[in-house]
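Each value in this text was obtained by applying a stated rule to the coordinates, not by laboratory testing. Everything numeric here is computed off the predicted structure, so don't read it as measured data. We place every Cβ from the backbone using ideal geometry, glycine too, and count neighbours over all the protein chains shown.
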Amino acid sequence: MNRVFIRKGRDESIKRFHPWIFSGAVERIEGTPFEGEVVEVLSFDGNFLAYGHFQKGSITVRILSYCKDDAPVNGAMPLMFWQDRLYKAKMMRNAIGLPTSRTDCYRLVHGEGDSLPGLIIDIYSKTAVVQAHSAGMFLSLERIAEALTLCYGDELQTVYDKSEGTAPYKAGLNLGNKYLWGATLQDENIVQENGNKFSVNWKEGQKTGFFLDQRDNRALVGEYATGKNVLNMFCYTGGFSIYALNNGAKSVVSVDSSAKAIEMVDKNVLINFPAGNVEHTSVCADALDYIKEIPKGKFDMIIVDPPAFAKHRGALDNALRAYRRLNAHAIEKVASGGLVFTYSCSQVVDKQAFALAVFSAAAQTGRKVKILRRLTQPADHPVNIYHPEGEYLKGLLLYVE
Ligand code: SAH
């Protein structure tokens, strides 16, 4: 087995179970591991530390196991390893009551949060969508699919690989989204989230097809939306909009710059309200352009859920400016006594930085603003306590006097 030796004094974070080994911590590599191979990680003086996926780049190893008995076979983790990890992930979801008769879509594997760095698995009723963010996970997908079928039995009909846009393209992998297992007759399912119905298209949709990380926040929007005029900015397929409508919102406007997303919003409104008896408008537009034009006081509730403005540290300042600008418009325009739900899903923007951006936005408007709630990702997106970077979704519920 190829081996990676860690510099003296640089193994502390590994001993504290942080799952990433940065290139600067590597003393030397014994052998020539291929990208995605499972390597053994040792201290400078040869003590076993971990096994992990090797990759070229700033993160050299993503750790899979700290247990010497989990030995790889021919550079890959055996089926038993995947079965064990997926079974544990499933048990954790069962422990928090997922799935239920009203929620049949959830995240089964949340990367580092489930001790599987570089792997995402989302369940949409009887379809599992897997997404590899590392070469090692990509090369393991066939085995992961097999482990999934063993874990789920008849509960699963299809496994789809959606890694083309996420696995490292420089690693010379044979990328291309495809079905890995089971029925391939349809690319779309109607799923339920807290009793709200959504059509999810894993092939055409963004990410794995749906943003499962807003489930709890959507429920909260639903709770407060009764009788209100709601503006849902960056609506994607209308998650927040459908909850608001199902909870008796007076009217909902959904805005997204993607024409495909807007098509899906309209479809989801129709699925939930076949008789068309709701006040809903969808608008394909840039959210900032749109909000600049609306009259002040038109909406009692504004939801601001933009895509990650900063994908890396270098983009941080621009991202914070963008959050500030967007939130200033929302706070400025919402009706007196209105609510603003505002989010950031950029991993590099932490809670404090985001709160500061929203604070500056509020100060810019001169309005009286209270923070009613601090919001985050739901429990099926767990954070590994040794990897706090995993807490990526943060939000604030604001009350504007
Ligand atoms: N709130 C959504 C998820 C939002 S994802 C949900 O609950 O499912 C971010 C969305 O912002 C994507 O749908 C993307 O198409 C849209 N988007 C990106 N840039 C935009 C812009 N400048 N104006 C409006 N929408 C934008």
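Mind ranking 139-149, 62-72 by how tightly packed they are, going by the mean number of other C-beta atoms within 10 angstrom, highest first? All intermediate terms of the calculation are to be shown ahead of the outcome.
Numbers: 139-149: 20.5, 62-72: 16.5.
Going from most to least packed, we get 139-149, 62-72.
Beyond 27 Å in Cα-Cα separation lie the following of the pairs Lys162/Lys333; Lys197/Lys228; Lys170/Lys203; Lys15/Lys178: Lys162/Lys333; Lys15/Lys178.
Please tell me the relative contact order of the chain in percent, rounded to the nearest whole number, where contacts are Cα pairs under 8 Å and at least six residues apart.
Numbers: 858 pairs, mean separation 43.8, N = 401.
Worked out over the chain, it gives 11 percent.
Segment 1-68 and segment 202-251 have Cα centres lying 42 Å from one another. Computed from backbone phi, the HN-Hα couplings of segment 300-310 come to 8, 9, 10, 10, 10, 10, x, x, 4, 6, 10 Hz, rounded to whole numbers (Karplus: 6.51 cos²θ - 1.76 cosθ + 1.60, θ = phi - 60°; Gly and Pro given as x).
Label sites at Arg325 and Ile96, each approximated as a point 7 angstrom past Cα along Cα to Cβ, lie 3.5 nm apart.
Quick one: Debye curve from the alpha-carbon atoms of segment 283-401 only, equal weights, vacuum; give me log10 I(q)/I(0) at q = 0.09, 0.15, 0.22 Å⁻¹ to two decimals. Scattering profile of segment 283-401, log10 relative to I(0): -0.24, -0.66, -1.27.
Between the residues Cys284, Ala328, Phe240, the greatest Cα displacement towards the positive end of the dipole of segment 211-400, with unit charges on the Cβ of Lys, Arg, Asp and Glu, is found for Ala328. Specify the inter-centroid distance of segment 80-155 and segment 335-386, based on alpha-carbon positions, in whole Å. Taking the Cα centre of segment 335-386 as reference, the centre of segment 80-155 is 29 Å away. Please work out whether segment 3-65 counts as rounded, prolate or oblate from its C-alpha gyration tensor, where a ≥ b ≥ c are the square roots of the eigenvalues and a/c under 1.5 means rounded, while otherwise a/b larger than b/c means prolate and anything else oblate? Rounded, since a/c falls under 1.5.
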